[in-house]
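Heads up: the structure comes next, in structure tokens.
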Amino acid sequence: MIPSHPRTGPVPVINAMTIDVEDWFQVYAFTGAVPRQAWDGMMRRVEANTDLILHQLADHKIHATFFTLGWIAERHPALIRRIVASGHELASHGWDHTRADHQSPEAFRADVRRTRRVLEDLGGVPVIGYRAATFSLGPQNLWAFSILESEGYQYSSSIYPVRHDNYGVPDAPRWPFKPGPGSLWELPMTTIRLAGRNLPCSGGGYFRLLPYRAFRFGLAHVNRTERQPGIFYFHPWEIDPGQPRIRAASRLSRFRHYVNLSRTEPRLRRLMRDFAWDRMDRVFGHLLKPESREGAAPGQFSNPAMA
């Protein structure tokens with residue numbers, strides 16, 4: 001039964017609004033076109049774009065989770081303090097957007113430890129959440145979850161249960177689960193189940209590419225029919241149609257990155273009006289309480305490789 005309030009009717013499911021704080025030149029699609037050693041010479045637009053997002057969230061009285069690169073935090077410390085001062089959750093996106101499945105366990109541990117330390121020092125708040133660059137946790141690096149837990153993280157939001165050429169674990173659970181015997185939770189990106197397959201419903205490039213009404217239908221189905229919170233994500237560069245163009249990237253990469261950038265901000269305003277939103281640590285707070293972590297059973301992958 002759907003809970004209701006005596007005056008306002010059905011209580012809306014609250015979804016998690018998340019922002020992956022990285023700049024326009026740091027995306028995986030541009031890896032071969034913009035080498036990391038050139039990053040410090042690139043025009044940085046992330047601070048101005050993130051400030052616009054902070055204003056937009058304030059206009060709608062929404063708090064969100066900002067999964068932030070350590071590389072960005074180190075160069076824009078005042079931005080980190082503004083995120084925290086505005087009441088948002090500060091979380092880790094790793095140091096410099098290196099895919100987790102391209103790292104050794106030792107390199108991964110150093111990455112997530114360094115990022116968490118810098119974010120906590122600058123923000124003055126605990127950092128308990130992590131999202132891997134390009135959703136790069138899966139059957140090939142299950143060891144990463146135990147490292148995250150040992151480094152003080154309480155949850156990851158790094159698995160997308162879809163099939164995609166750059167990421168995805170289509171057989172992973174669609175709802176929060178424990179990827180191992182410890183207390184850390186994986187909070188997978190939102191999908192809808194149609195015709196025997198999972199379809200993406202979490203934002204990013206799909207949010208720019210698909211008609212807004214199709215995305216609204218999917219998230220409404222997750223909330224009203226499945227009675228589950230969704231997780232939405234986007235990047236500061238996605239509200240910036242004036243960003244430089246990288247001609248050296250492939251045609252597919254350029255399409256994925258630049259398609260419908262001018263439509264993102266008005267669509268975001270509609271999304272913020274149409275659904276209820278909050279931070280990850282509050283939307284899933286019932287799971288992250290110590291007593292809940294101790295009593296819950298681990299989730300299971302249907303894919304034997306991830307069992």
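The values are calculated or read from the model by the stated rules, or taken from the named source; none is laboratory data. Treat the numbers as computed from the prediction; the structure is a model and nothing was measured. Neighbour counts are summed over all protein chains in view; Cβ atoms, including those assigned to glycine, are modelled from backbone coordinates with ideal geometry.
The table for this structure:
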item	result
Odd one out for Gly205, checked against (1) more than 18 Å from Arg131 (Cβ to Cβ); (2) surrounded by 15 or more Cβ atoms within 10 Å (Cβ to Cβ); (3) in contact with a helix residue (DSSP H, G or I) (Cβ under 6 Å, 6 or more places away or on another chain)	(1)
Positions within the stretch 193-229 being in a helix (DSSP H, G or I), under 21 Å from Tyr28 (Cα atoms) and not basic (Lys, Arg), in sequence order	Gly205, Tyr206, Phe207, Leu209
Test: residue in the stretch 40-55 that is farther than 30 Å from Ala248 by Cα, touching a strand residue (DSSP E or B) at 6+ places or on another chain (Cβ under 7 Å) and polar (S, T, N, Q)	no
Single match in Phe255, Phe232 (criterion: surrounded by 18 or more Cβ atoms within 10 Å (Cβ to Cβ) and either assigned to a helix (DSSP H, G or I) or touching a residue at least 24 places away in the same chain (Cβ under 8 Å) (or both))	Phe232
Segments classed as helices (runs of 4 or more DSSP H), wholly inside the stretch 67-161, with at least 3 members that are aliphatic (A, V, I, L, M) and modelled with pLDDT of 95 or more	77-85, 105-123, 143-150
Residue list for the stretch 34-47, filter: in a helix (DSSP H, G or I) and either touching a residue at least 24 places away in the same chain (Cβ under 8 Å) or on the phi > 0 side of the Ramachandran plot (or both)	Arg36, Trp39, Val46, Glu47
